[in-house]
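Presented below is the structure to which this report refers.
The values are calculated or read from the model by the stated rules, or taken from the named source; none is laboratory data. The structure displayed is predicted, hence computed values, not measured ones. We place every Cβ from the backbone using ideal geometry, glycine too, and count neighbours over all the protein chains shown.
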């Protein structure tokens, strides 16, 4: 029987923490804000970033979601081969005005795409204006 690989080895924990810290800073998020968004304590997030603690799969998934990356990326540093997400200009302006995080912006875009896909008759829909995105956000924000 092959030996099981331990995920929480100190060097792996340190690399995961480093990737989280780099992404958090690149998105101008404080430890306190990312912790709040991910539903964990700031102290715990700090330990994860320093490599002192290994996050559970659930907590890692929540952190990854708020940073807009996959858990695979946090674990391995390898990015997905899927096309990058293109945020429409109207949504970008609305997200800035509403002070949305990257993850919230992407969830809002996914929500719109999901609704349009279910109702679409095959025609391309025009991009929404900032006001349309703000109105949509007000209606769906409890579900994001």
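Summary table
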{"read-out": "Top-ranked residue in region 123-144 [being under 16 Å from residue 87 (Cα atoms) and either modelled with pLDDT under 90 or touching a strand residue (DSSP E or B) at 6+ places or on another chain (Cβ under 6 Å) (or both); ranked as surrounded by the fewest Cβ atoms within 10 Å (Cβ to Cβ)]", "value": "126"}
{"read-out": "Qualifying residues in region 31-43 (those that are more than 14 Å from residue 21 (Cβ to Cβ) and touching a residue at least 12 places away in the same chain (Cβ under 8 Å)) - the one surrounded by the fewest Cβ atoms within 10 Å (Cβ to Cβ)", "value": "39"}
{"read-out": "Among the residues listed as 114, 46, 120, the single one being at pLDDT 90 or above and either within 30 Å of residue 14 (Cα to Cα) or surrounded by fewer than 13 Cβ atoms within 10 Å (Cβ to Cβ) (or both)", "value": "46"}
{"read-out": "Of residues in region 93-103 being at pLDDT 85 or above and surrounded by 15 or more Cβ atoms within 10 Å (Cβ to Cβ), the one nearest to residue 68 (Cα to Cα)", "value": "100"}
{"read-out": "Test for residue 21: is it surrounded by 15 or more Cβ atoms within 10 Å (Cβ to Cβ) and free of Cβ contacts under 8 Å to residues at least 40 places away in the same chain", "value": "yes"}
